[in-house]
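The values are calculated or read from the model by the stated rules, or taken from the named source; none is laboratory data. None of the values given here were measured: they were computed from a predicted structure. For neighbour counting, all protein chains shown are included, and Cβ atoms are generated from backbone atoms with ideal geometry for every residue, glycine included. Only protein heavy atoms, including side chains, enter the accessible area calculation; ligands, DNA and RNA are left aside. Shrake-Rupley method; radii C 1.70, N 1.55, O 1.52, S 1.80 Å.
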Amino acid sequence: SNWTMGLREMTEPWKGAVGCLGVAVFFAMTIGIISWQALEQSPEEWVLRGRDAGMLWERGRGALLLRALPAGRPVLAIAVGSVPATEPPPPRDRCWHDGGQFCYSWEEDAELRLSLEPPAAPGTECYGVRWTPLRPDVTLKDCFSMANVSWYGGPSIRAQRWPLNSAESPAQPLVSGDLSTHPDGFGPVLERYFLGSTGVTVTVAPDVSLLLSLESHRQFCLETPAGRAEPLHYQLCVSADVAAARRHRAGAPAGAARTLPDTALLGNFPPCRSPIWRYHGPEGSAAKIKRGLRSLVRRLKRHRLQEGVVALGERGTAVLAAATPHSRLSRPQDLVPSERRRRQAPALVEPLELSITLSPYASVTSPLFLRSLRGGEAAGYWLSRQPRPGGSSIPLLTTWKGQLCARLNVTSEAALRWYLARARHLRQALGATYVAFEGVEGNSFLEQDVPAPAELAGDGYTEVLAAALATLGNGTIISAGTRSSHLPLFVQMSPLCSDWSHAGLKGLIPSVLHYSLLGYNFFIPDAVGGSVAGATPRDTELFVRWLQIVTFLPVMAFGTPPWLCCDAWVLNLTRQCIQRHRDFVVPLLLKYSEEWQSLGYPIFRPAWWLSPTDPVAFTIEDEFLIGDEVLVAPITEKGQMWRDIYLPGEGHLWLDTNTARVFDGGTTLRNYSASLAEVPVFVK
């Protein structure tokens with residue numbers, strides 16, 4: 001009663017003050033509760049969990065995180081582009097009825113679908129990531145962080161790095177190319193496969209239109225072309241470590257067996273077909289070429305180097321082909337050689353073997369191109385622009401070695417039969433053992449911004465042509481590789497500069513590791529000393545250090561003979577290296593080629609293959625393993641007579657073949673001596 005009387009006696013200002021105080025308390029409590037919830041709420045939210053790993057959404061930066069279970073070890077961070085980064089996934093996703101999927105849609109932008117997928121191998125767990133644009137102008141882009149992760153695989157580049165973290169490249173189509181004409185593009189050997197040092201792999205389907213950018217030491221990004229509303233989908237797989245992740249990669253298409261090229265080119269069977277001696281003599285006429293070839297063979301004999309293969313370039317092959325009987329025939333039935341006729345080799349390079357060079361290009365002024373256009377069937381032998389309704393097809397012209405050319409139409413069975421028959425005819429007529437094909441890389445439609453047939457999108461041309469050339473036999477050499485590592489083909493490496501940079505000698509071992517990681521173990525390195533820069537290499541030290549590395553690779557190749565570039569002791573060293581290659585290296589290659597055939601393991605392996613959890617091993621780019629038992633650690637710095645050598649594999653013992661000293665694995669030898677005539681080689 002007293003309270004009621006007192007309240008009635010209060011003035012109106014006092015009543016207002018009490019009311020405001022109540023409202024203020026209410027708002028303070030509300031803000032406090034919201035702040036408490038925000039602080040207590042984790043910035044990361046699980047969106048999909050498997051048995052061995054799981055994916056989270058990080059609200060702050062809009063990123064997908066992949067972590068290994070049960071400890072939550074960070075494996076991968078993916079920065080998501082072109083969607084609102086601050087909007088978290090809803091508490092209940094659209095695939096709530098399926099525990100193996102997570103779906104979420106950013107209205108009017110893109111839809112994300114994550115799914116658990118069947119594992120590629122025991123001990124690994126895989127996730128599918130699929131983005132679908134909801135508007136034509138949406139560009140999908142996922143960027144993979146390089147923070148605490150070393151990345152390998154993907155494309156070859158001009159100054160090859162191992163790992164890719166220090167490489168730089170703007171966004172461009174992930175398609176093989178010719179580095180001599182497009183030095184800022186991607187090289188001739190690539191796969192849509194990236195391997196991270198945390199044990200994660202990123203694999204992109206071949207039917208995805210894909211652009212790749214490399215941002216040095218920050219990230220690499222996968223994105224779709226702008227304005228085409230195409231989906232972006234890839235697969236993530238997690239393994240225990242980086243070596244286990246690479247072991248789990250099949251590398252060959254389902255149902256396809258891995259087959260070896262002609263191992264005689266390695267030099268293991270008499271007559272020894274290694275090394276390769278590249279012919280750089282006169283090419284003005286067939287008579288001059290024949291005299292030049294015989295002169296080269298005489299000099300090789302004089303210097304006791306009379307075994308191997310003499311390689312003739314494309315121009316020299318064309319000149320000899322023009323002087324060959326029946327070379328004017330252009331129909332497939334005219335060029336198929338009789339199976340009963342034995343190959344009668346002209347005595348051009350005896351006792352050595354001959355390699356000739358062809359390409360899928362024909363100059364528009366060449367008799368070959370003009371004759372092929374006669375008749376209705378031959379009109380489809382060359383790539384053409386898509387004709388307008390009622391119109392006729394027009395050859396898609398491009399440039400090759402400075403000439404305006406047409407390119408073979410690999411989608412035409414008649415064209416492939418004609419081309420392969422011509423190659424067989426020239427191989428037989430010239431007495432060649434090997435046929436090298438240049439210009440296999442690249443997408444002519446993409447270069448001219450012309451719509452391509454579906455089967456030739458991306459690297460379809462390289463894939464189709466490589467499969468066709470493999471039918472010529474295991475003595476075939478091609479200049480590019482994508483999804484073709486299982487075929488019995490040698491792959492010619494890109495030319496390197498005659499210097500000590502990553503575009504020259506320093507890039508050789510990273511290229512070896514890159515090719516072998518992707519499954520291309522049977523490659524032919526560039527000539528000793530490099531072949532880009534024009535002049536004959538006169539740097540004796542560079543020639544020797546290059547020679548020491550090539551000794552331990554599948555095939556040794558020379559552009560400049562050692563007696564022209566260096567002193568007599570280098571000529572003697574060359575003979576010793578060739579013999580060491582035949583006696584020591586080739587048996588190792590044959591041993592581990594069986595392992596590659598059965599398991600798909602690379603023959604040339606990085607240091608982390610034996611030390612998959614040691615961060616020191618992740619960035620070593622100047623040494624390599626042959627299998628599990630030989631470590632090669634050459635000198636790649638000018639004027640240096642010592643180097644640090646990392647011996648991988650804790651618990652293993654390594655024997656120095658030069659000094660017979662034994663060292664523990666998992667250690668680093670500081671300032672290890674290596675004179676100009678020595679290359680450090682260790683046997684486990």
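Looking at the stretch 606-683, send over the antiparallel percent of its DSSP beta bridges, to the nearest 5.
So the antiparallel bridges in the stretch 606-683 amount to around 100 percent.
Model label sites at Gln640 and Ser209, defined 7 Å from Cα along the beta-carbon direction, differ in position by 4.5 nm. Over the stretch 606-683, all Cα pairs binned in 10 Å intervals from 0 give whole-percent P(r) values of 19, 58, 22, 1, listed from short to long.
Per residue, the Cα convex hull of the stretch 152-237 amounts to 95 Å³.
Taking the Cβ of Glu463 as the center, what net charge do the other residues with Cβ under 14 Å away carry, scoring Lys and Arg +1 and Asp and Glu -1? Computed value for this residue: -3.
Cβ under 12 Å from Glu441's Cβ, Glu441 left aside: what net charge do those residues give with Lys, Arg +1 and Asp, Glu -1? Net charge in that neighbourhood comes out at -4.
Note on Gln403 and Arg315: their simple-model spin labels are 1.0 nm apart, each label 7 Å out from Cα toward Cβ. Shape index of the stretch 46-251: Rg/Rh, with Rg the Cα radius of gyration and Rh the Kirkwood radius from the inverse mean 1/r over Cα pairs, equals 0.95.
Heavy atoms only, probe 1.4 Å: what % of the accessible area of the stretch 165-291 goes to carbon and sulfur, would you let me know?
Values: 2610 of 4760 Å².
That share works out to 55 percent.
From largest accessible area down, sort Glu350, Glu637; use a 1.4 Å probe on the protein chains. Before the final figure, lay out each step's value.
Details: Glu350 110, Glu637 80 Å².
Per-residue accessible area, sorted high to low, gives Glu350, Glu637.
The residue list Leu64, Ala147, Phe102 was ranked by how far each Cα lies along the charge dipole of the stretch 46-251 toward its positive end, using unit charges on Cβ atoms, and Ala147 comes out on top. The largest-to-smallest principal axis extents of the Cα set in the stretch 467-562 are 41, 24, 22 Å. In this simple spin-label model, placing a label point 7 Å from the Cα along the Cα-to-Cβ direction at both Ala257 and His217 gives a separation of 4.9 nm. Annotation: per residue accessible area for the stretch 46-251 equals 39 Å², rounded to a whole number [probe 1.4 Å, protein chains only]. Starting from the Kirkwood Rh over alpha-carbon pairs, what translational D in µm² s⁻¹ does the stretch 263-593 have by Stokes-Einstein at 25 °C and 0.890 mPa s? For these conditions, the coefficient is 117 µm²/s. Listed by chain and number, the lysines whose alpha-carbon sits under 29 Å from that of Lys591, ignoring those within fewer than 8 places in the same chain, are Lys506, Lys684. Here Lys301 is the anchor, and the aspartates and glutamates within straight C-alpha reach of less than 12 Å, apart from those fewer than 8 places off in the same chain, are Glu350. Counting only other residues whose beta carbon sits under 9 Å from that of Leu305, what net charge do I get with K and R as +1, D and E as -1? Neighbour charge sum, excluding Leu305 itself: +4.
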